[in-house]
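Taking it in order: structure first as structure tokens, then the write-up.
The values are calculated or read from the model by the stated rules, or taken from the named source; none is laboratory data. The structure displayed is predicted, hence computed values, not measured ones. Cβ placement follows ideal geometry from the backbone for every residue including glycine, while neighbour counts extend to all protein chains displayed. Calculation scope for accessible area: heavy atoms of the full protein, side chains included, ligands and nucleic acids excluded. Shrake-Rupley method; radii C 1.70, N 1.55, O 1.52, S 1.80 Å.
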Amino acid sequence: QQQRRLQGLRQEAAEYYRDHRVPQRMEEALNALFPQRPADLYGELANYFSKFSKAPVICKLVGRKVLDGVGQPTLEVEIHCTVKNYEKRICSTVMSSHSQIPENALPETTEADEKERSDSVNTAVEWVNESLNTMLRDLKPTDQCTVDKMLGEYFTKKVEEKKEIQKQEEEAEATLALTSCTPSATALPGKKKAANPGKKVAVAERTIPPAEPVESVLCGSLAIGGTSLAIAKAGATISRIPLYLHVALLKCNQDSPKEITLPLPMVTLLNCEKISPSKLKLVKEVMLIPPVQLSLKQGIERVLDIQKEMMRLLEPPGKAPSPQVADSKKGRAHNTGKKAPPQALKRISHLGCLITGCDNLEQPLLLMQTACNNIGLELGTDMHLAINCAAHELMDYVKGKYEILTGTFKRPDEMVDMYVELINKFPFIIALIDPLRKEDRQQWNHICCALGSKCYLIAEDAATYISKLKIDQNINIPTCSGVVLKYINQTRVSDLIELTGLLDGQRHITILGSPDGESSDDSLVDLAVGLGARFIKLGGLSRGERVTKYNRLLAIEEELAKNRTLREANLEFIAFAEESQPEKQLYDVLPPPKQDLLPPQLSQPALQVHSLPAQLPENSTRT
């Protein structure tokens, strides 16, 4: 009887293996490997049979609270998959934190923001470890669209739950207010409305468009963005390709791009203080953009040379190295090795750049020009400048004007005239970021018509919340050359792919920017390369979390050059239609206004926008 049972098991095993074609594949493997006689026979057998194994699936998500580059709490998401019957940690991603609180905010405002951020991270960790962990189990990490769709539905459900809770709270407060209402209490608001401050606000609101309400960030929304990006990294790891190529394949519907263009870096060199005694408030960042003729490596080296010279120029006269050398000749040479570094070296912003204060708009530009001239470089040829104005931080809503210098105010129309004069005087400035508030759309039209053919007019503040940008296949932004996109909160990889596709179709340029609270995760660089961004804005060449991303960009350049798939970048400006035209643009091809920005070997002309032709001319090309 036992022999019959063993015979039955043998027959069952044979059928099982035959059903899975094991004998056939074993014979194929042995026949294929014998001529090769590999040194690691069992390793090659494992590789051979791994082709027939099941695709890895998600088995666990782990969320934890970590710190970002400025010591603020943020979210890390870790992906574990079942690979060949074993649980395996695949990858993790750390989200960058972003705050809308201005630098000069009151202490209590900053404290409230920090508490809100901490609560949001705690909620995000809970979402990842509980709901999302269960929801995404057994899905393939390579199926980004399915995962992002589920994440979007989950987030929408959470938003609806919050709205319902708020509605109940408001109804309870209204009921309480009605029961405790007295005649004297109802009379006070009426008197306040008739007071002078109310009139001043009303006048200001008639003068300028009121500020759009800040979009509330749902507590825990980091979990959506963190999980989506972690899944993308896991998909790339499982597919054994770099993340940038994985993202490019997702954007191109799995058609492998023949060539890839690296985004040009906007390297922040100066962070201008907006706090007294400095008078200048308008300029937040002065950035360097290497010319397209240089490789990324050459461009970074040139920026570092300029940074060294800038450090020397910013050293206080009383602490310059030369007087210290003179003192050392008087018998104090033994102290030189213990002296503190120059003040400029100590003053490094969280953006990874030098901090300085200026008294007028031209001062940082002349300082930059001097630094370049001192090392034999010419701005406009050997290096270009971009300025982050951050004008939305400067509006005085009582006066209805921008405070560009301490005590100096300008109306929105005057701001346009000022920028036109600035670009005419300093033509090496090829990009202005947030020169106006997003609400001043008429002035955005004016400045784009006046300067669009000479430099990029870029919206960053208007693109902070990606969920508000897309409305029925249209981009809800002022007239501009392009936008700075940031991967924060509930942003998903699919959102960026869809949005950059729309921006490409409308001939807007895409800039991927790092938030203020940057982490050491370098995925942003792969996203920028895979999405085909024109520029990448990473901050300065100091601080580990910033430099890590530049190193990743350099590694990608080296890899693409080795594979001969690196395409040279170019700079093309857009001449906008007259202000009377709607904010829609189609493009004809005309010569560029600035020939020095194109490399000599490029003969293609730059794009120029015209006012609503019925269709593109037959002989026009799209680049």
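Put simply, the amide H of VAL83, placed in the peptide plane, has neighbours under 5 Å in LYS88, leaving out anything fewer than 5 places away on its chain.
Among 111-122, 212-223, the peptide with the highest mean count of other Cβ atoms within 10 Å heads the list, and the full ranking is 212-223, 111-122. For the range 413-548, relative contact order (Cα pairs under 8 Å, six or more residues apart, normalised by length) works out to 17 percent. Across TYR419, TYR86, the residue with the most accessible area heads the list, and the full order at a 1.4 Å probe is TYR86, TYR419. Working ranking of peptides 5-12, 130-137, 457-464 by packing, defined as the average number of other Cβ atoms within 10 Å per residue, highest first, is 457-464, 130-137, 5-12. Amide H contacts for LEU67 (H built 1.01 Å from N in the peptide plane; partners 5 or more residues away or on another chain; cut-off under 5 Å): THR74. Taking label points 7 Å from Cα along the Cα-to-Cβ direction, THR109 and ALA555 give a separation of 3.9 nm. Distance between the pseudo-spin-label points of ARG347 and ASP255 (7 Å out from Cα toward the beta carbon): 5.2 nm. Once R0 is set to 22 Å, what does the formula 1/(1 + (r/R0)^6) return for the Cβ-Cβ distance between ILE375 and GLU421, expressed as a FRET efficiency to the nearest 0.05? Approximately 0.20, to the nearest 0.05.
A 1.4 Å probe run over the range 1-125, with the rest of the protein chains in place, finds 68 Å² accessible per residue.
Which shape class, rounded, prolate or oblate, goes with the range 341-437 when its Cα gyration tensor gives a ≥ b ≥ c as root eigenvalues, a/c under 1.5 marks rounded, and past that a/b bigger than b/c marks prolate? It comes out oblate by the Cα gyration axes. Note on GLU87 and ASP504: the extension gain reaches 146.1 nm, defined as 0.36 nm multiplied by sequence separation minus the Cα-Cα distance.
The relative contact order of the range 509-558, computed from alpha carbon pairs under 8 Å that lie at least 6 residues apart in sequence, is 42 percent. In terms of the Cα gyration tensor, with a ≥ b ≥ c the square roots of its eigenvalues, is the range 1-59 rounded because a/c is under 1.5, prolate because a/b exceeds b/c, or oblate? Judged from the Cα gyration tensor, the range 1-59 comes out oblate (a/c at least 1.5, b/c at or above a/b). In whole Å, what is the distance between the alpha-carbon centres of the range 72-149 and the range 226-263? Spelled out, the Cα-based centre of one part sits 20 Å from the other.
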